[in-house]
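**Q** Sharing a structure, written as C-alpha cells. Questions coming.
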Amino acid sequence: MTQNNLNNITVTVNGKEHSLSVEPRMLLSDVLRDELGLTGTHVGCEHGICGACTVMMDERPVRSCLVFGVQANQAKILTVEGLSNADGTLHPLQEAFREKHGLQCGFCTPGFLISACHFLEENPHPSREEIREGISGNLCRCTGYQNIVDAVEMAAEMLSKDKISETDQCTVQAEHPAGI
Ligand code: FES
Ligand code: FES
C-alpha cells in the first residue's frame, strides 16, 4: 500500500477515474489542483471557513481543504469543471450567476456553484430566506450576496421548468464525464 511514504488511491473525478500516488498529508484540494490540474476548485482560507474549495464527494458537499486525498480513495468527486456539459453548455446555475451578476472577482464562485447545486437538489423550490440559509457556509468578499441569492433563485426557476434534467443534477454528474 505504501511505498516511499506514498499511498495509492483511485478516485473518480467528474466521471473520469484516476489512479495516483499521494503523500498521506496531501489535501484533497491539492490533489485536485496540483495532481489533476483541476484549478477550478479554489483555495482561500484552508481552514474550512470560506467554502471556496467545496466539491461534491459521494453525493455530499465537502470542503476539500479539510479532506485528505487518501480519504477520497474510491470516492466520486464532482468539481466545478464537471458542472457544464461536454458541448460547453452551461449548467443553469452557471447561466444564472452570469445573468444575475452573481460574481465579481469570481474567487468564491466555484464553491457557491457546488453548494447551490446540492442545495437545489435537496430543496428545489426554496424561499429567499432558505437560499440565504442554504449558502450561508460560503463566504464572498465582493458581492454582498444579493446577486448570488438572485442567481440561485433564478436557477431554481430554470431547473423546475426543465423538470431537472438528469444531466443538471450534481449527484448524477459526478458519475458521468462532463455531465453526459
Ligand atoms: S479553502 Fe477550504 S474552506 Fe476555505
Ligand atoms: S465574487 Fe469575489 S469573493 Fe465572491
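The values are calculated or read from the model by the stated rules, or taken from the named source; none is laboratory data. Keep in mind the model is a prediction, meaning the values are calculated, not measured. Cβ placement follows ideal geometry from the backbone for every residue including glycine, while neighbour counts extend to all protein chains displayed. To get the accessible areas, we keep the full protein, side chains included, count just its heavy atoms, and leave off ligands, DNA and RNA. Shrake-Rupley method; radii C 1.70, N 1.55, O 1.52, S 1.80 Å.
**Q** Using all alpha carbons of the chain, what is the percent of pairwise distances in each 5 Å bin, ordered from the shortest bin to the longest?
**A** In order of increasing distance, the bins hold 1, 9, 18, 22, 20, 14, 8, 4, 2, 1, 0 percent.
**Q** Shifting gears a bit: May I ask you to derive the FRET efficiency for Gln71 and Cys105 from their Cβ-Cβ distance with R0 = 35 Å, giving the value to the nearest 0.05?
**A** On the way: r = 30 Å, r/R0 = 0.86.
Once the sixth-power term is evaluated, E becomes 0.70.
**Q** Another question about this same structure. For the chain, the longest stretch holding no trypsin sites (Lys or Arg not before Pro) located in a DSSP loop with at most 10 other Cβ atoms within 10 Å is which? Working shown, then result.
**A** Numbers: sites that count: Arg25, Lys163.
The segment 26-162 is the longest one with no such site.
**Q** Evaluate the relative contact order of the chain (contact order divided by residue number), counting alpha-carbon pairs under 8 angstrom at least 6 apart; express in whole percent. Kindly include the intermediate steps, with their values, before the conclusion.
**A** Values: 362 pairs, mean separation 49.3, N = 180.
About 27 percent, as a whole number.
**Q** Against the longest principal axis of the chain, how steep is helix 146-161, in degrees 0 to 90 to the nearest 10, with axes from Cα atoms?
**A** Roughly 90 degrees between the two axes.
**Q** Antiparallel as a % of all DSSP beta bridges within the chain, to the nearest 5? Could you put the intermediate results ahead of the total?
**A** Working: 16 of 18 bridges.
If I count the DSSP bridges inside the chain, around 90 percent turn out antiparallel.
**Q** Rounded to the nearest 10 degrees, what's the angle between the helix 109-122 long axis and the longest principal axis of the chain, both from Cα atoms, 0 to 90?
**A** That helix lies at roughly 70 degrees to the long axis.
**Q** Here's a follow-up. Which percent of the accessible area of the range 1-129 is formed by carbon and sulfur heavy atoms (probe 1.4 angstrom)? Before the final figure, lay out the partial values.
**A** Numbers: 2860 of 6320 Å².
Summing carbon and sulfur atoms, their accessible area is 45 percent of the total for the range 1-129.
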